Amino acid sequence: MHDTHLFKNILKYLEDQERLSSRKVKKVHLSISEFGSLSKEHLLEHFKEAISNNSRWQGLEVEVGIIPFGSELEITGLEFAKRTKGRKK
Ligand SMILES: [Zn+2]
């Protein structure tokens, strides 16, 4: 199976960010190159497969944007869940 390592790296990155921020990642924004070899559908398939193998990431949302130039696959943003403690309103 190809590009599985990409997702391991992405999930590893998310783990690091969760540790640094002490918050859960709720959503990840990715971008792919319009002229790259990865299609959005293919990417999402791999993503779903990667998170379904890991209960830690159940419910993680993903949004994929397409850029004309740039890296084939890039993490462009993260959304964190709100802290449950000290929350207002
Ligand atoms: Zn593939």
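Any idea how many Lys pairs in the chain come in under 23 angstrom at the alpha carbon, given 8 or more places apart or on separate chains?
Pairs that pass both the separation and distance tests number 29.
Quick one: of the DSSP bridges fully inside the stretch 4-80, what percent are antiparallel, nearest 5?
Given both bridge residues lie in the stretch 4-80, the antiparallel proportion sits at roughly 50 percent.
Please compute the contact order of the chain in relative form: average sequence separation of alpha-carbon pairs under 8 Å and at least six residues apart, divided by the residue count, as a percent.
43 percent
Among rounded, prolate and oblate, which fits the stretch 46-85 when a ≥ b ≥ c are the square roots of the eigenvalues of its C-alpha gyration tensor, a/c under 1.5 means rounded, and a/b larger than b/c means prolate?
In terms of gyration-tensor shape, oblate.
Once amide H atoms are built 1.01 Å from N in the peptide plane, which residues 5 or more positions from Val25, or in another chain, come under 5 Å H to H?
For Val25, the qualifying residues are Ala81.
Just need the Rg to Rh number for the stretch 4-80, please, alpha carbons only, Kirkwood Rh.
Result for the stretch 4-80 is an Rg/Rh of 0.96.
The numbers here are math on the coordinates, done by the rules we state, and not lab data. Values in this document were obtained by computation on a predicted structure and should not be read as measured data.
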